[in-house]
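Visitor: Pasting in a structure now, in structure tokens, and then I'll have a few things to ask.
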Amino acid sequence: MNFSNYIKTPLEQWIEEQYRTNGVLIPQDLDIDRIAMIFGVDIVYYDNNSFSDNDDKVIFIDRRYEQTEQRKAFFHELCHVIRHSGDQRWMPDLFREAQENDANRFALYAAIPFFMLEQIKLPVNRSELISLLVSDYQCFPDFVELRFKQVEDRISNSEFISTFTYGGTTKSNYELTVNEASDLDLIYLQQPRIHSLYGLDDFSRPHALVIEQRLGFDWNKPLHLNVERNYKLLSQSFYRTRYDATVQPGDLSVPPNQSEYVTINLSRVAWRHGQDVTRLILPLEAIDDAINF
């Protein structure tokens, strides 16, 4: 397996940065009390179900659990504390689902960091590999299997993800390709304009895709984007308006056997932002998460 083809999401990179800065470099450093201290979170061990208090930055861990179960609960709840707000008991289902999906991704990244994984000489035999990681990272076999499958899938999809990378200034690199394949039944009456948006400090790949439809989106249908080639650079200054909406990972999917496409569930976007939106902001982090999780 060629680990050099693995692409880390911005969230994964941020977790790695926190770990490296605080000397968390090998699996044995992943002590949950130490990790909690790094992120400014308190742990309370008690005799009840695990949960977290985001406002007070406290994670309550059921001490009746064995260590592996405590670790699983901790990394999941850690995401809620440092990334989320609100009380899930009173949230709409879509918001609660989005937070849970984010916490599940975070737990995989934080409990089995890739920068540690790539330093290990892994057995060729699958069962031996899983057993080794279970022992090193003190995680359940199904959790380890899910994380390693995620790594494998991301490596196999690296060529697909690289189509988003800025590739030069030739016309072919800037051509807009939306809903091109009529034989795949992905044609829409409306053809939105898509541009790539770059950050000020990184021109290696776009920060986001800006999808504009002045006549309005068809909110009752999903939007399929062909990502075989790069998108034209957004030339004018970019300012957010009340007609903009940010696409989240939960709004995205990859059609089966059509890895060159990403599908946006427009009805979910409209549910959050209304139907007056004329421009979608699609962060590449959201695309990475949808493809690789």
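Any read-out appearing in this document is the output of simple, stated calculations on the displayed coordinates, not a laboratory observation. Everything quoted here is computed from the prediction, not taken from an experiment. Methodologically, a virtual Cβ is constructed for each residue, glycine included, from the backbone with ideal geometry; neighbour enumeration extends over all protein chains shown.
Visitor: Take ASP153, ASP244, ASP47 and order them by how many other Cβ atoms sit within 10 Å, fewest up front.
Guide: Details: ASP153 13, ASP244 16, ASP47 7.
Ordered by Cβ neighbours within 10 Å, fewest first: ASP47, ASP153, ASP244.
Visitor: Beta carbons within 10 angstrom, averaged per residue: use that to sort the peptides 75-84, 130-139, highest first.
Guide: Highest mean packing first, the order is 75-84, 130-139.
Visitor: Charges only on Cβ, +1 for Lys and Arg, -1 for Asp and Glu: so what's the dipole of the range 17-123 about the Cα centre, in debye to the nearest 20? Before the final figure, lay out each step's value.
Guide: Working: 12 positive and 19 negative charges, 69 e Å.
Dipole of the range 17-123, to the nearest 20 debye: 340 debye.
Visitor: Is there a pair in LYS72/LYS149; LYS57/LYS149; LYS8/LYS57 whose C-alpha atoms are over 23 Å apart, and which pairs would that be? Please list the in-between numbers first.
Guide: Details: LYS72/LYS149 18 Å; LYS57/LYS149 31 Å; LYS8/LYS57 27 Å.
Over 23 Å Cα-Cα: LYS57/LYS149; LYS8/LYS57.
Visitor: Continuing with this model, one more query. Tally Lys/Arg at +1 and Asp/Glu at -1 over every other residue whose Cβ is under 13 Å from the Cβ of VAL41; what's the total? Spell out each step's value before the answer.
Guide: Numbers: positive: ARG34, LYS57, ARG83; negative: ASP33, ASP42, ASP53, ASP55, ASP56, GLU77.
After counting each charged neighbour, the total is -3.
Visitor: Additional query: How far apart, in nm, are two points set 7 Å out from the Cα along the Cα-to-Cβ line at ASN49 and at GLU69?
Guide: 1.3
Visitor: Also, I was wondering about something else. Based on the Kirkwood radius over alpha-carbon pairs, what is the Stokes-Einstein translational diffusion coefficient of the range 3-156 at 25 °C with 0.890 mPa s viscosity, in µm²/s?
Guide: On the way: Rh = 16.2 Å.
For these conditions, the coefficient is 151 µm²/s.
Visitor: Starting with the fewest neighbours, write out ARG242, ARG268, ARG71 ranked by other beta-carbon atoms found within 10 Å of each beta-carbon.
Guide: Details: ARG242 9, ARG268 18, ARG71 23.
Starting with the residue having the fewest Cβ neighbours, the order is ARG242, ARG268, ARG71.
Visitor: So if I restrict to the alpha-carbon atoms in the range 18-60, what is the Rg, and what is Dmax, the biggest pairwise distance, in Å?
Guide: When restricted to the Cα atoms of the range 18-60, Rg and Dmax are 11.8, 34 Å.
Visitor: Okay, moving on. With the dipole of the range 3-156 worked out from charges on the C-beta (+1 for Lys and Arg, -1 for Asp and Glu) around the Cα centre, which of PHE75, SER135, ASN104 lies farthest toward the positive end?
Guide: SER135
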